[in-house]
Ligand code: F0G
């Protein structure tokens, strides 16, 4: 590993390159008009640097690509399934494993077995599809992340932690019989990629035991979380990343994982279940077949299972994680040096820009972070995503726009895909916008879909 006083050189060299092109300003304007000012509707060829998501957008290693050639595409009993099963047992310590096509597939299989109609699922902060699957299963999602998560300037090191007092109060108030289970998301994506401490997880386990509630992990970014624990949590620095991961998973009854993040693959997911969960495993297996596919592939090709088995080991390497987390942090620092308000500390997979504060002249009803997304693309060909008022949608009862406290733009960094020079380009785009940010105008809906409006909406300038 390169010592910290040296520039953080990528811990890999590049064997294959994928050309990307920056369209002219005129071409970008036309593309964005066609897309209804919604970057989701751009063609990827129209994007220069794509920071829409870190999900399924990373680069695989030569070792993973070699694994692709060893794909066993047998419908039943693929050898890659057994390889992956062995890896899941080794890394997470769970004897029971089911593959799924991606994270939400795992949620769809597992949640209806855990949720009873009208009951609560308490989380630090649920991801959107997770919340949707809780609701589809008849449950009610509740977020009880500690309050520092909502303060962008708080440097609290574990802003993904559950508010333990609020958790106890909630259970006491609603009654333990009205709660289906507890779900800890590591790292907390909707809270800005902020980590959960091991100590907090231990406390949540104690409470889960006291009230006899199942405790699960939504573990899309489990390795990034473990790295933060090692670097930031007292008493953890001498443990290895695999040890910390093991400890975390040992505190839960099972997990759902989107492998598109820390699995270092482009598609895939899984369910893992602890030893005591054999009955749940048997029931999940029955649901897996009609929903995802036979038990030894669950929506994944044999070759993809092999790539995942290898990715799950690579992601735990400390020099990889140091570079990964370091790259996101360096981008955050560069933006701060220019004076751009961002969430602190910088999260594991993304930098969150406070659009509402930076473009304070745009009222929240005119979607400042969406306006910023549009401007960023026009200025530089960079695609980012709004995580704010548009995403929050409307109150189903009043029909009014929900006005979330935070209105942010997410710059999500794919794994092993872009270099620090790309990140410098991103920072430069912000510097140029900063000089004339007061000229940026807000937007309104030209077309507003009824559900999940952010994906397909069209906008017009105010
Ligand atoms: N849980 C978390 C914490 C996630 O971040 C995601 C996806 C999922 C579950 C669902 O997994 O996409 O494989 O079905 N997050 C992506 C994102 C889409 O952009 O943050 P999936």
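Scanning the stretch 212-248 for residues that are assigned to a loop (DSSP other than H, G, I, E, B), surrounded by 16 or more Cβ atoms within 10 Å (Cβ to Cβ) and touching a residue at least 12 places away in the same chain (Cβ under 8 Å) yields 213, 214, 219, 220, 221, 233, 236. Suppose we filter 76, 66 for residues that are closer than 13 Å to residue 306 by Cβ and either free of Cβ contacts under 8 Å to residues at least 24 places away in the same chain or over 17 Å from the mean Cα position of the chain (by Cα) (or both); which single one remains? The unique qualifying residue is 66.
Of all residues in the stretch 338-357, those satisfying the criterion of being touching a strand residue (DSSP E or B) at 6+ places or on another chain (Cβ under 9 Å) and outside any strand (DSSP E or B) are 340, 341, 343, 345, 346, 347, 348, 349, 355, 356.
For residue 378, are the conditions met, namely being within 16 Å of the ligand (Cβ to nearest atom) and within 14 Å of residue 430 (Cβ to Cβ)?
On the way: within 16 Å of the ligand (Cβ to nearest atom): no; within 14 Å of residue 430 (Cβ to Cβ): yes.
Judged against the criteria, residue 378 is not a match.
If you go through the stretch 39-61 and pick out every residue that is more than 15 Å from the ligand (Cβ to nearest atom), in contact (Cβ under 8 Å) with a residue 40 or more places away in the chain and either assigned to a loop (DSSP other than H, G, I, E, B) or within 23 Å of residue 347 (Cα to Cα) (or both), you end up with 7.
Which residue, of 312, 280, 331, is away from the ligand (no atom under 16 Å from the Cβ), over 19 Å from residue 113 (Cβ atoms), in contact with a helix residue (DSSP H, G or I) (Cβ under 9 Å, 6 or more places away or on another chain) and not in a loop (DSSP other than H, G, I, E, B)?
The conditions single out 331.
In this structure, does residue 128 turn out to be assigned by TED's automatic domain parsing to the domain that holds residue 217, within 16 Å of the ligand (Cβ to nearest atom) and either crowded, with 20+ Cβ neighbours inside 10 Å or within 22 Å of the chain's Cα centre (by Cα) (or both)?
Numbers: assigned by TED's automatic domain parsing to the domain that holds residue 217: yes; within 16 Å of the ligand (Cβ to nearest atom): yes; either crowded, with 20+ Cβ neighbours inside 10 Å or within 22 Å of the chain's Cα centre (by Cα) (or both): yes.
For residue 128, the condition - assigned by TED's automatic domain parsing to the domain that holds residue 217, within 16 Å of the ligand (Cβ to nearest atom) and either crowded, with 20+ Cβ neighbours inside 10 Å or within 22 Å of the chain's Cα centre (by Cα) (or both) - is met.
Going through (1) surrounded by 13 or more Cβ atoms within 10 Å (Cβ to Cβ); (2) under 26 Å from the mean Cα position of the chain (by Cα); (3) away from the ligand (no atom under 16 Å from the Cβ); (4) not assigned by TED's automatic domain parsing to the domain that holds residue 201 one by one, residue 120 falls short only on (4). If you go through the stretch 96-114 one residue at a time, do you hit one that is touching a helix residue (DSSP H, G or I) at 6+ places or on another chain (Cβ under 9 Å), modelled with pLDDT of 95 or more and within 18 Å of residue 175 (Cβ to Cβ)? Within the stretch 96-114, one or more residues are touching a helix residue (DSSP H, G or I) at 6+ places or on another chain (Cβ under 9 Å), modelled with pLDDT of 95 or more and within 18 Å of residue 175 (Cβ to Cβ).
Out of 378, 391, which single residue is touching a strand residue (DSSP E or B) at 6+ places or on another chain (Cβ under 9 Å) and in contact (Cβ under 8 Å) with a residue 24 or more places away in the chain? Step through it out loud before you land on a result.
Working: 378 fails: touching a strand residue (DSSP E or B) at 6+ places or on another chain (Cβ under 9 Å).
Just a single option satisfies the conditions, and that option is 391.
Residue-level check: of (1) modelled with pLDDT of 95 or more; (2) surrounded by fewer than 15 Cβ atoms within 10 Å (Cβ to Cβ), residue 405 misses just (1).
Residue 319 passes every criterion in (1) over 22 Å from residue 52 (Cβ atoms); (2) touching a strand residue (DSSP E or B) at 6+ places or on another chain (Cβ under 7 Å); (3) assigned to a helix (DSSP H, G or I) apart from (2).
The values are calculated or read from the model by the stated rules, or taken from the named source; none is laboratory data. Quick caveat, the model's predicted, so the values are computed rather than measured. Reconstructed Cβ throughout: ideal geometry from the backbone, glycine too, with neighbour counts over all protein chains shown.
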